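See structure below.
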Amino acid sequence: MQYLHPPIKRNEITPLIVFSFFISLSVVLSNHIQITGNTYSGLATQNHITPYGLSDIGVLVAVFTVVLLCCLALYHITRKAITAKSAGDNKPLAAKPIAACTAIMFALHLPYLLTYYPGFVFNDSLSSIGQALGQLPCSNHFPVAYTALIGACIALAHTLGLSTTTGCALYSLMQTFVMCATYSLMIQWIMQRTCIARWWRAILVAVFGLAPYIATYSIALWKDPLFSAAIVVVTVLLFDFVSTSGKITHNSKAWIPMFAMCCIIIAFLRSNGLLIDAGVFAALLLCSAKRTTSLRRTPANAITAIPLAAIALNLLVTGPIYSAAGIVPAEKAEGYSIPLNQMARVVALDGDMSEADAAYMNELLPFNEYASVYTPTCTDLLKWNPRFNNAALDNDFLMHWISMGIENPIVYFESWELQTFGYWTINHPLVLLHNGNINGGVPQMLNSQAEANAYGITIKNYLGDTAERILSRANLSIPLGWVAWGITFLAITFFLQGRRRYIIVFVPCLMLVASLLIASPIWYWERYGAALQFLAPFFLALPLALPANPPANNI
C-alpha cells in the first residue's frame, strides 16, 4: 500500500488478506447460526444453521473489504509501535507498587464477598466440597487439586472452631488475593516495560478493581479463576524471558519458582492445561535450539523442561497415584465433547452411516433417543444421560468418528459451529449481549439453599438488597472472539516484522483458544477463556515494550 509510509510490502499483505478473509467468513457463518431455544437444552429443531444464499457472497465481499482496510491500518499503526524505541527497562518488576495495587483492588473486591457471602457456590463447587468433607467419593471429574485447595480452607476453619461456610469464605479471600496480585503484576509490567504515563496505572487499577465482571469472577468457587491467573502470569514471564535472552532467571529470584508453580497449576486445574503446557514446552524448545552464546549462560534447558515436567507430574499423579488411592478418574466423555456431538448430530438428523457405525451409536445410547437428547450447543445432556454407555468409548471410538465424518462432513462442520461459535464470532448478538458468566453456573442463591445447607453452607448477604442490585452478578464483558482474533492479528504482525522470537508470548493464549475450539463442552462460557480478557491490556501494551533493534540471532 503505497499511501502508507513505509509502504506495506506484498509479502506482508498476503497474510493480512488471508486473515481478513477468515474473519469475514466468520461473520457470514455467524449470521446463519439461529438460536431460538435454550443454549443448554435446546434441541436441533430450535438451535440450527439457516440455509445459505447468493446474498452471502455480497456480504462476504463487503465485510472483507472493510476488515482488510481496518487490518492494513492497524498493521501500519502496530508496525510503527513495534519499531519505536522502548523507554522501559528489563529489571525485575518492583514489588512495592504490586503490593499497593493488590491491596487497593482487594479492598474494592471485598464488598462483593460481603454481598454474596461466602462467595458464589455452584453445583460444581458442592461436588468438591462434598468430597473435601468426606461425604462424596473422591473423583477427578472435578480436579482433585482444586478439591484439595477448598478442603484445606475448610479444614483450617474447622481447626479454628469455625464453620464450613467460613472455610468457603477463606477460599474466596485467598482466591481474590491471588487474582488481585495477578492483575497488579500485569499492571506493573505495563508501567515498567513501557514507561507510559503514570495515570494509566490508576485507570487500570480502577478497571480491574471496580469492574463487576472481574470482581464476581474472583469470588466464584470454580477452578477457572486460578487457572486463568496462572496463564496471565506465565504470559508475562515468557516475555521477560525472551526480551532478556534468559537473563531474567538470574536477575529475579522469583522468576523460576513462579514459572514452575504456574505451569503446575495450569496442568492440574483444567484438562486442557496439558495442551497449553505442551505448547509452551514446544515453543521454549524451539527457542533454546536457536539460542545464542549469551543464552547458553542461562539455565535455558532447565527452563524448557519445566512445562514438560509439569505434564509428566500430572500424568503420574492422575494416573498411577490416583489409581492406587482409589480416586475415580474423570470420564472419557469429558474430553470427547465435540466429537460426540458431531456423531450424535448425524443420528439425530438421519445422516448417512454404515451398519457398523449405526450399531456403535446404538451401543453408546439407544438409537431412538438421539433426537431428544442431542443438544447442538452443549453436550452435557448427551454425555450425562443415565443411559449413555461410557464404556463403549473404549471400543474403536476414533475409527467410528472418522467413518461417520467422511460420510457427513457438512453435518460435522455444522455441529462444530454450533458448539464453538461463542469463541470465534465477532458479531453474533447472543455473544455480544451475554452476561451469564456467573448465573450460567447456577449459584445456589438462585435456587433453594437446601442443598448448600446439607453441606453446612449458609448463604448470606451482609450488605443488603441495594448492594446486590449495585454489585450485579450479571455483567457484560469483552467477547472472547474479539480478543482471540486480536491476539492472532498481533501474532501475525510480530511474525511479519521479524519479531518471531516473541511469538512464544502468544502461545499460552493461542493454545487456550485452540483447546476450546477442539474440546469445548458448550458454545460459550467466559470463565473458560477469561485469561484472554484479563490479558487484553498486556497485549495492547506489548508493541511498546519491545526493544527497537533485536539481536539477529536471539532466542
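Brief remarks on what is shown
- In terms of distances greater than 19 angstrom between alpha carbons, the cross-link table entries LYS96/LYS253; LYS91/LYS247; LYS223/LYS383 yield LYS223/LYS383.
- For ALA220, distant residues with modelled amide H under 5 Å away: PHE120
- With both labels modelled 7 Å from their Cα along Cα-to-Cβ, the ILE77 to LYS460 distance reads 5.0 nm.
- VAL234, VAL205, VAL505 arranged by Cβ crowding within 10 Å, fewest neighbours leading: VAL205, VAL234, VAL505
- Fewest-first sequence of TYR524, TYR370 by Cβ atoms within 10 Å of each Cβ: TYR370, TYR524
- If you plug the beta carbon distance of ASP56 and ALA391 into 1/(1 + (r/R0)^6) with R0 = 56 Å, you get a FRET efficiency near 0.80.
- Distance (nanometres) between label positions extended 7 Å along Cα→Cβ at CYS70 and THR159: 5.4
- Under-5 Å amide H pairs with ASN47, H placed in peptide plane, nonlocal only: THR36, GLY37
- For the pair segment 114-151 and segment 1-60, the centres of their Cα atoms are 40 angstrom apart.
- In this rough spin-label picture, where each label sits 7 Å from Cα along the Cβ direction, the ARG198-LEU210 distance is 2.0 nm.
- Exposure rule at most 13 other beta-carbon atoms within 10 Å, DSSP loop trypsin sites (Lys or Arg not before Pro): the chain longest free segment: 388-555
- The rule of thumb for compact globular proteins, 2.2 N^0.38 Å, goes into the C-alpha radius of gyration of segment 365-439 1.34 times.
- By the beta-carbon count within 10 Å of each Cβ, the least crowded to most crowded order of CYS195, CYS262, CYS153, fewest first, is CYS195, CYS153, CYS262.
- You can think of it this way: the chain between ILE470 and ASP352 has 37.2 nm of extra reach, that is 0.36 nm per residue less the Cα-Cα gap.
Values quoted throughout were computed directly from the atomic coordinates according to the rules given, and no laboratory measurement underlies them. Just so it is clear, the structure is predicted and the values come from calculations on it, not from any experiment. In this analysis, Cβ positions are derived from the backbone assuming ideal geometry, glycine residues included, and neighbour counts consider all displayed protein chains.
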